[in-house]
Amino acid sequence: MKLKEKLVQPVKGGTILSPLGYKAGGMHTGLRYAKKDFGVIYSEKPAQCGAVYTQSHFQAAPLKVTQDSITQSHTLQAIVVNSAIANACTGEQGLKDAYQTREWIAKRFQIPEEYVAVASTGVIGEWLPMEKMEKGCTDIKVEANPEGAQSFQQAILTTDTVEKTSCCQVMIDGKAVTIGGCAKGSGMIHPNMATMLGFITTDATISSDVLQRALKTAIDQSFNQITVDGETSTNDMVISMANGMVEHEALDEGHPDWTHFQEGLTRVCEDLAKQIARDGEGATKLVEVQVTGAQSRHDANVLAKKIVGSNLVKTALFGGDPNWGRIVGAMGHSGIKLNPRQCDIRIGDTLVFSNGTPQPFNEEGVSGYMQAEHVIISVFLHSGEGIGKAWGCDLTYDYVKINASYRT
């Protein structure tokens, strides 16, 4: 364990620009009233890439353009993002506008069009004001400093209340490789993949197909295990770029340091995922569900996400009500086979249900525990070695207020 900790280290204050060779920036173009609404990440050299996209049938135009770029070259050098307007459900005009944005950014940085990914977030069903988009593409400044990272992170936010960033370093062939990431997401969070935007940068040397597999593995254990409101968006994706600025033997699953890279990538994704869950619209606390003793990891992950996504569990958490019956209710229709007589449930450290029978506990004490900003629910199924986690938040009055007037 000590060896692993030395080889995979968090970078305090790290950003998407902590890896070598990246620049970023954000600006206000007028898509939003006053806040920054347009951002770019740029790699000094073409980068290998991987991406995972929302499974919604109504995929927005920017996703289709990004998929086209990556399919053509498996290489990216710039990612352009706008907030306020999602450019989703906008027909042929929306697709034309996304391609036009790609073309403008390619000209701005003198790179091939297929080296540009496009992302948008905001209100569905509105067309982009292209004169403002052109202004962003022409005037955007990218910098290799903390200010550049912060301005980009601010530009991608919608109903988020905080920026979300994470970074770690891993040792590959005795050299320090850095993985940085940022994300946005607060509402419409029930990834599959996804319901958010995530951007991961690294200076590792790795091919696009291997990076794609690593990213998918990381996402299945992180972004795909969070839920705020059970809603899946039209726009969202996670994109990773690896520019190879640290020269080492190319990574793949057979490399002796492969597990270090996979763990680092997963850590960054998990950290960002938990930040999204904690920043759920109107949320007051982060909720973590831990399932052990399942027949498989799949079963454990499904059950954990079912519990954390239950509206009745979420409202009980908001009210500090240790009503474990709501947890049992969510488990009962999860689709996972389990034996109620071989099941333990804990809220924090307190056993509230075991072997089909309620357990005596101090309700006032557990209710007090549930007022904390981080609440853990643990389930042990006594049926196998599968383990899984999921993260979410409580359901509050403010969630209704925010979404009742989202456009107005």
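The values are calculated or read from the model by the stated rules, or taken from the named source; none is laboratory data. Worth saying up front: this structure is predicted, and the values here are computed from it rather than measured. Ideal geometry is used to build each Cβ from the backbone, glycine not excepted, and the neighbour counts take in all protein chains shown.
Hey, any hits in the range 203-223 for a residue that's under 30 Å from residue 314 (Cβ atoms), touching a Pro at 6+ places or on another chain (Cβ under 6 Å), touching a residue at least 40 places away in the same chain (Cβ under 8 Å) and of a type outside the set (D, E, K, R)? Yes - at least one qualifying residue is present in the range 203-223.
Out of all the residues in the range 141-151, which are surrounded by 15 or more Cβ atoms within 10 Å (Cβ to Cβ) and farther than 15 Å from residue 43 by Cα? Result: 150, 151. Checking each residue in the range 79-125 for being in contact with a Pro (Cβ under 7 Å, 6 or more places away or on another chain) and among the β-branched types (Val, Ile, Thr) picks out only 118. Restricting 344, 398, 321, 349 to residues that are farther than 25 Å from residue 220 by Cβ, out of contact with any Cys (no Cβ under 6 Å at 6 or more places or on another chain) and touching a residue at least 60 places away in the same chain (Cβ under 8 Å) narrows the list to 398. Counting only strands (runs of 3 or more DSSP E) that fall entirely inside the range 69-181 and contain at least 2 residues that are more than 30 Å from residue 283 (Cβ to Cβ), the qualifying elements are 75-82, 164-172. For the range 250-269, a residue qualifies if it is farther than 12 Å from residue 217 by Cα and in contact with a helix residue (DSSP H, G or I) (Cβ under 6 Å, 6 or more places away or on another chain), and the qualifying residues are 251, 252, 260. Within the range 328-335, can one find any residue that is modelled with pLDDT under 90 and buried (at least 16 other Cβ atoms within 10 Å of the Cβ)? Looking for residues that are modelled with pLDDT under 90 and buried (at least 16 other Cβ atoms within 10 Å of the Cβ), one finds at least one in the range 328-335, hence yes. Residue 287 satisfies every condition listed in (1) assigned to a helix (DSSP H, G or I); (2) touching a residue at least 40 places away in the same chain (Cβ under 8 Å); (3) surrounded by 15 or more Cβ atoms within 10 Å (Cβ to Cβ) except (1). Scan the range 94-109 and report the pairs whose first residue is of a type in the set (Asp, Glu) and whose second residue is crowded, with 20+ Cβ neighbours inside 10 Å, with Cβ atoms within less than 9 Å and a gap of 6+ or a chain change. So the pair list comes out as 97/61; 97/87; 97/90; 97/128; 97/133; 103/116; 103/137.
Among the residues of the range 363-405, the ones that are among the small types (Gly, Ala, Ser) and under 21 Å from the mean Cα position of the chain (by Cα) come to 3 in all.
Note on the range 69-106: residues that are crowded, with 18+ Cβ neighbours inside 10 Å and charged (D, E, K, R) amount to 2. When residue 27 is tested against the conditions (1) crowded, with 18+ Cβ neighbours inside 10 Å; (2) of a type outside the set (Val, Ile, Thr); (3) under 20 Å from the mean Cα position of the chain (by Cα), the lone failure is (3). Entry remark, the range 12-50: residues being of a type in the set (A, V, I, L, M) and modelled with pLDDT under 95 number 1 in total. The residues listed here are 225, 275, 221; of these, the one that is farther than 29 Å from residue 84 by Cβ, modelled with pLDDT under 95 and under 11 Å from the mean Cα position of the chain (by Cα) is 221.
The number of residues in the range 107-154 being under 17 Å from residue 84 (Cβ atoms) and of a type in the set (A, V, I, L, M, F, W, C) comes to 11. Residue count for the range 31-48 under the criterion of being part of a strand (DSSP E or B) and either touching a helix residue (DSSP H, G or I) at 6+ places or on another chain (Cβ under 8 Å) or not assigned by TED's automatic domain parsing to the domain that holds residue 131 (or both): the result is 7. Listed by position, the strands (runs of 3 or more DSSP E) contained in the range 322-408 that have at least 1 residues being β-branched (Val, Ile, Thr) and in the same structural domain as residue 269 (by TED's automatic domain parsing) form an empty set. Taking the numbered list (1) at pLDDT 90 or above; (2) charged (D, E, K, R); (3) buried (at least 21 other Cβ atoms within 10 Å of the Cβ) in turn, residue 394 passes all entries but (1).
State yes or no: is residue 14 part of a strand (DSSP E or B) and under 20 Å from the mean Cα position of the chain (by Cα)? Considered against the rule, which asks whether it is part of a strand (DSSP E or B) and under 20 Å from the mean Cα position of the chain (by Cα), residue 14 comes out as no.
Here is a check on your reading of the model: is residue 52 under 24 Å from residue 16 (Cα atoms), surrounded by fewer than 24 Cβ atoms within 10 Å (Cβ to Cβ) and in the same structural domain as residue 244 (by TED's automatic domain parsing)? First the steps, then the outcome.
Values: under 24 Å from residue 16 (Cα atoms): yes; surrounded by fewer than 24 Cβ atoms within 10 Å (Cβ to Cβ): yes; in the same structural domain as residue 244 (by TED's automatic domain parsing): yes.
Considered against the rule, which asks whether it is under 24 Å from residue 16 (Cα atoms), surrounded by fewer than 24 Cβ atoms within 10 Å (Cβ to Cβ) and in the same structural domain as residue 244 (by TED's automatic domain parsing), residue 52 comes out as yes.
Remark: pairs (first residue in the range 175-188, within 22 Å of residue 23 (Cα to Cα) and crowded, with 24+ Cβ neighbours inside 10 Å; second residue among the acidic types (Asp, Glu) and at pLDDT below 95; Cβ separation under 6 Å; 6+ apart in sequence or on different chains) = 184/160.
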